[in-house]
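Accompanying notes for the structure given below.
The values are calculated or read from the model by the stated rules, or taken from the named source; none is laboratory data. The structure displayed is predicted, hence computed values, not measured ones. Ideal geometry is used to build each Cβ from the backbone, glycine not excepted, and the neighbour counts take in all protein chains shown. Note: areas computed on protein heavy atoms with side chains; ligands, DNA, RNA excluded. Shrake-Rupley method; radii C 1.70, N 1.55, O 1.52, S 1.80 Å.
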Amino acid sequence: MTEQNVALWLPKRGAHFAVGPAPRTPPAANEIVVRVRAIAVNPVDGLPGFLYRVVLPWLTFPAVVGSDVAGEVVEVGPGVTRLRPGDRVLGHAFGVEKSQNRAAEGAFQHYVVLMQHMVSPIPDSLPFAQAAVVPLTLSTAATGMFQQDHLGLAMPCADPVDPVDRSETVLVWGGSTSVGSNAIQLARNAGYRVVATASPHNFGYVRSLGAAGAVSYRSPTAVDEVVDMIGESPLAGTLAIGSGSLPKAIAIAARTEGSKRVASAQTPLVARVQSWRAPRQGVRVNGIWGGTLKDNEVGPAIYADFLPAALASGAYRAAPDATVVGDGLAHIPEALRRLRDGVSATKLVVTV
Ligand SMILES: NC(=O)c1ccc[n+]([C@@H]2O[C@H](COP(=O)([O-])OP(=O)(O)OC[C@H]3O[C@@H](n4cnc5c(N)ncnc54)[C@H](OP(=O)(O)O)[C@@H]3O)[C@@H](O)[C@H]2O)c1
């Protein structure tokens, strides 16, 4: 007998989440259905009601939100040849995106519909709970780094035997965030030197991901320290992550050789407001929307061409480490509360 689907519903803006039955939606062309085994939470999943109007004004209710899943493929739609039932995968769920706006594609349920080109097979050695930390923050980092309207960097290569050396530096301000953890690894796999910021207790962590050096973002001389660390190796681009990151990133880009482009993980609206003076310093800032890569060449280049091989070879690590909050959809609100309290170099996950 077919197992009934269950979802964590958001009945309306600002309401409490509630677990309840949900339809099982079959996959359309180029879609798959995944039996979800682990879900990671992100700030956008737990917005206060008024912020839904600002960040996701198109979202219709009742909604199933959530972006990060790992699990097993159970059905594939017409046109899907790269994935089969039984495959272990991670995937970016797009239910809250304006183009989708569909409960069947929200991560917070047992059976989710995913776009096949935004799904990556994972090695047997990678637990679902750890794999679930990747999708949204990988997508956000990849959008900022590789889309031509952002930093337009060279794409990463999964071959650890013959890494390219581009003799250019990528600055990842906020390197110990989940977005930053992905950005550092993407940049390294694309052959760039990486300078990152983090709290001193995470310097070892960002170095383990491939950063050549790290500076404390709280240091009053952080901008000078980063400029010194970039040194003679020209900037290829800057990813600004975390509150207060944009003015610092703009100052550094203005003072160093190389690219004057900054991609900000603040949403496009916030980035525009915070960077109105940047053009006077010759710096170009774009705000990232971490879902746009699904509609261009970057999405499949990362999820289909790069990530499966890079995870299998060890060239890429699912990072940061997962902290499992509980088992079952009912634990997601608790995970969102803990996320609001703040985390350091970890991603909160619920197993299902
Ligand atoms: N635009 C988009 O589409 C999109 C998508 C996803 C996320 N985001 C945004 O990207 C940011 C990072 O998200 P995330 O999920 O990666 O975060 P996260 O992993 O929850 O971030 C936790 C880390 O943030 C670091 N941090 C705290 N304050 C900071 C600051 N002022 N500057 C730099 N780092 C700071 C801390 O580093 P230490 O412990 O080392 O101090 C901590 O490890 C958030 O603002 C989020 O809203 C945007």
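Look through region 282-320, keep the residues that are of a type in the set (Asp, Glu) and more than 22 Å from residue 65 (Cα to Cα), and return whichever of them is surrounded by the fewest Cβ atoms within 10 Å (Cβ to Cβ).
My answer is 297.
Looking at region 85-108 only, could you name the residues that are outside any loop (DSSP other than H, G, I, E, B) and farther than 22 Å from residue 21 by Cα? Let's see the steps before the verdict.
Kept after step one, since they are outside any loop (DSSP other than H, G, I, E, B), are these residues of region 85-108: 88-92, 103-105.
Matches in region 85-108: 88, 89, 90, 91, 92.
Which is away from the ligand (no atom under 13 Å from the Cβ), crowded, with 24+ Cβ neighbours inside 10 Å, modelled with pLDDT of 95 or more and not in a loop (DSSP other than H, G, I, E, B), of 187, 214, 183, 141?
187
Do you know which residues across region 1-59 are open to solvent by less than 40 Å² (accessible area, probe 1.4 Å), among the small types (Gly, Ala, Ser) and either more than 19 Å from residue 101 (Cβ to Cβ) or not in a loop (DSSP other than H, G, I, E, B) (or both)?
Listed by number, the residues that qualify are 7, 20, 22, 38, 40, 46, 49.
The conditions are (1) modelled with pLDDT of 95 or more; (2) over 21 Å from residue 286 (Cα atoms), and residue 153 fails exactly one of them. Which is it?
Single failed check for residue 153: (2).
Exactly one condition in (1) within 16 Å of the ligand (Cβ to nearest atom); (2) in contact with a Ser or Thr (Cβ under 7 Å, 6 or more places away or on another chain); (3) closer than 27 Å to residue 135 by Cα is false for residue 235; which is it?
In the conditions (1) within 16 Å of the ligand (Cβ to nearest atom); (2) in contact with a Ser or Thr (Cβ under 7 Å, 6 or more places away or on another chain); (3) closer than 27 Å to residue 135 by Cα, residue 235 misses (1) alone.
Residue pairs, Cβ under 6 Å, 6 or more apart or interchain, first in region 339-352 and in contact (Cβ under 8 Å) with a residue 60 or more places away in the chain, second in a loop (DSSP other than H, G, I, E, B). List them.
339/41; 345/176; 345/320; 347/133; 347/320; 348/41; 349/132
Kindly provide the set of residues from region 243-286 that are in a loop (DSSP other than H, G, I, E, B), within 14 Å of the ligand (Cβ to nearest atom) and either under 22 Å from residue 167 (Cα atoms) or modelled with pLDDT of 95 or more (or both), ordered by number.
265
Do we have any residue at all in region 161-178 that's buried (at least 17 other Cβ atoms within 10 Å of the Cβ) and in a helix (DSSP H, G or I)?
Checked against the condition, which is being buried (at least 17 other Cβ atoms within 10 Å of the Cβ) and in a helix (DSSP H, G or I), region 161-178 yields at least one hit.
Exactly one of (1) in contact (Cβ under 8 Å) with a residue 24 or more places away in the chain; (2) more than 16 Å from the ligand (Cβ to nearest atom) is unmet by residue 196. Its number?
(2)
Could you please let me know if residue 279 is assigned by TED's automatic domain parsing to the domain that holds residue 154, open to solvent by 50 Å² or more (accessible area, probe 1.4 Å) and within 14 Å of residue 173 (Cα to Cα)?
Here the answer is no, as residue 279 does not meet what is asked.
If you go through region 321-335, how many residues are open to solvent by 10 Å² or more (accessible area, probe 1.4 Å) and in contact with an Asp or Glu (Cβ under 9 Å, 6 or more places away or on another chain)?
2
Any residue in region 149-169 that is over 15 Å from the mean Cα position of the chain (by Cα) and assigned by TED's automatic domain parsing to the domain that holds residue 57?
no
When residue 288 is evaluated against the numbered criteria (1) touching a residue at least 60 places away in the same chain (Cβ under 8 Å); (2) out of contact with any Ser or Thr (no Cβ under 9 Å at 6 or more places or on another chain), which criterion, by number, is the only one it fails?
Unmet condition: (2).
List the number of the failed condition for residue 237; all other conditions in (1) open to solvent by 30 Å² or more (accessible area, probe 1.4 Å); (2) assigned to a strand (DSSP E or B); (3) not aromatic (Phe, Trp, Tyr) hold.
(1)
Check whether at least one residue in region 328-349 is in a strand (DSSP E or B), under 22 Å from residue 108 (Cβ atoms) and away from the ligand (no atom under 16 Å from the Cβ), and report yes or no.
No: region 328-349 contains no residue that is in a strand (DSSP E or B), under 22 Å from residue 108 (Cβ atoms) and away from the ligand (no atom under 16 Å from the Cβ).
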